[in-house]
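Here, each number is a calculation from the coordinates, and none is a lab measurement. All values derive from a computational prediction rather than experimental measurement.
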Amino acid sequence: MTIKYNICEKRHEKKMTQKQLAMRAGISTAMVSFIENDKRQPTFLVIASIAKALNVKLDELVEIKDNYHYFRQ
């Protein structure tokens, strides 16, 4: 699964809107939309903020072994 899919899935599980997630994570609603629609790659700090806002562990959003190349940048 991709980061965008995992974020969207967890947000739906928590019955949150993009606006609610954005407010809790301290990012814009547009950023949440861009991430979920694969128009932007979130930074590690944004992913961490989203994980905290969703009350999930970071590894529930990011499959480290599958995204190793992403974090090497």
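Listed values, structure above:
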read-out	value
Aspartates and glutamates with Cα under 16 Å of Lys52, excluding same-chain neighbours fewer than 8 positions away	Glu9, Glu13, Glu60
Anchor Lys19: aspartates and glutamates whose Cα lies under 14 Å away (excluding residues fewer than 8 positions away in-chain)	Glu36
For region 3-46: rounded, prolate or oblate by the Cα gyration tensor [a/c cutoff 1.5]	oblate
Whole-Hz ³J(HN,Hα) from phi, Karplus 6.51 cos²θ - 1.76 cosθ + 1.60, for region 14-22, glycine and proline x	7, 6, 9, 7, 4, 5, 4, 4, 4
